[in-house]
1. Once fully extended, how much extra length lies between residue 300 and residue 98, figured as 0.36 nm per residue of separation less the alpha-carbon to alpha-carbon distance?
2. For residue 152 and residue 216, calculate 0.36 nm times their separation in residues minus their Cα-Cα distance, and state this gained length in nm to one decimal.
3. Which FRET efficiency value, to the nearest 0.05, do you get for residue 176 and residue 120 by plugging their Cβ-Cβ distance into 1/(1 + (r/R0)^6) with R0 = 35 Å?
4. Using a Förster radius of 25 Å, what is the FRET efficiency between residue 317 and residue 261 based on their Cβ-Cβ separation? Nearest 0.05, please.
5. In which sequence would 245, 168, 102 go, from the one with the fewest C-beta neighbours within 10 Å to the one with the most?
6. So, how do all the Cα-to-Cα distances of the stretch 118-245 break down into 10 Å bins, in percent, from 0 on up?
7. How would 297, 303, 276 line up from fewest to most surrounding beta-carbon atoms within 10 angstrom?
8. To one decimal place, what Kirkwood hydrodynamic radius in Å is obtained for the stretch 144-205 from all pairs of distinct Cα atoms?
């Protein structure tokens, strides 16, 4: 079977690998170095409106007339509902007119903004009172802890510590945003991290269900479809890689997902997201896309066959006894049917 016998564009695309698995609770948290954040100084002032173009707001009647000029299939499109007013900020003072520092973080964890790092970013560290540091995220206060001697002087060796989270917006937004942003300034009202005692009288859980996702934005593809509203996943255009198959030979993509201390019993759900291009056609006969998954070189975990350009999830289960503490190998196999060919991008 050669490539000429296939319809051009027969292909599959895999988006992410997800394991929902029960994990043991670690016996302790290891002390370590705080994560490094990117600090940028921002002169936070109101923009000058001079030179800006100002356009009148179109009312609903005007919008309806504009939409009617290009109505599809003779149908008149109704104007969308007016956007709601944003929620009030509940009295949070934004740092207008004073120097503010933009803190960019790329992963969940505890961050420390040191005296030296803030000085290098442009803060006049010797003139600030560390007891007036304030941090916000999207207008909401962020609790901070001061590492130092608790006086009103910010000194070498001292730092501002906080818990930062990676950006977790919709996947369509994550295609363009790879950092979350926090804001810090001096001269505000801090929100200190509180000390809360451990509750008593409750059973101790030694395991919980956790989902771990392997998702690498390494291959761009426009997906050739406008049917995302019918698919099980959010729209995406970035994938792990492309797997191409044009003969009866199986094509396998191998990936590693690290699991920390999986439980000794129970089972895990394995989900492989796949985007397909048109299904293969050989000598006028249509053949389905066929994808299956394996964990740690074991038997078939999940298998799925379908036709056409779609976004699908190949779902299966694996016993926790087949998982290991550390790197677990996930094989994604583009199988096809006798006489068919296809290609996949994960």
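Read-outs: derived from the displayed coordinates by stated rules, not from any lab. Owing to the predicted nature of the structure, the values given are computational and were not obtained by experimental measurement. Ideal geometry is used to build each Cβ from the backbone, glycine not excepted, and the neighbour counts take in all protein chains shown.
1. Details: separation 202, 0.36 × 202 = 72.72 nm, distance 6.01 nm.
Contour length minus the Cα-Cα distance gives 66.7 nm.
2. Details: separation 64, 0.36 × 64 = 23.04 nm, distance 4.55 nm.
18.5 nm is the gain from fully extending residue 152 to residue 216.
3. Working: r = 28 Å, r/R0 = 0.80.
Once the sixth-power term is evaluated, E becomes 0.80.
4. Working: r = 19 Å, r/R0 = 0.78.
Once the sixth-power term is evaluated, E becomes 0.80.
5. Values: 245 25, 168 9, 102 17.
The order, fewest Cβ neighbours first, is 168, 102, 245.
6. 9, 25, 21, 21, 17, 6, 0
7. Numbers: 297 9, 303 14, 276 27.
Lowest to highest Cβ neighbour count: 297, 303, 276.
8. Details: mean 1/r = 0.0635 Å⁻¹.
About 15.7 Å for the stretch 144-205.
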